[in-house]
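Just so you know, all these numbers are worked out from the coordinates, no wet-lab data involved. None of the values given here were measured: they were computed from a predicted structure. Every residue, glycine among them, receives a Cβ derived from its backbone with ideal geometry; neighbour counts consider all protein chains shown.
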Amino acid sequence: MYIGGYAEYRDGFTGIEDIADGSKVRVVGVLLKNPMNGNPVLVGHYIDSQN
């Protein structure tokens, strides 16, 4: 997953550092295909807490 500089953190998160290991999150973004290796890449835009 890739989270760009324009990601919006919601539900109490202010940045990636607020997300602890094992936290349940919901990421809304776009799923793309990496042209170099064919693997899917999720580009996150909204990051919400699910706890």
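Observations, loosely collected:
- Antiparallel bridges, percent of DSSP beta bridges restricted to the chain (to nearest 5): 70
- Taking every alpha-carbon pair under 8 Å whose residues sit at least 6 apart, the chain reaches a relative contact order of 51 percent.
- Translational D in µm²/s for the chain (Stokes-Einstein at 4 °C, 1.567 mPa s, Kirkwood Rh from C-alpha pairs): 111
- Within the range 5-51, trypsin sites (Lys or Arg not before Pro) in DSSP loop having at most 16 other beta-carbon neighbours inside 10 Å: Arg10, Lys24
- From phi via Karplus (6.51, -1.76, 1.60), per-residue ³J(HN,Hα) for the range 37-45 in Hz, x at Gly/Pro: 10, x, 6, x, 10, 8, 9, x, 10
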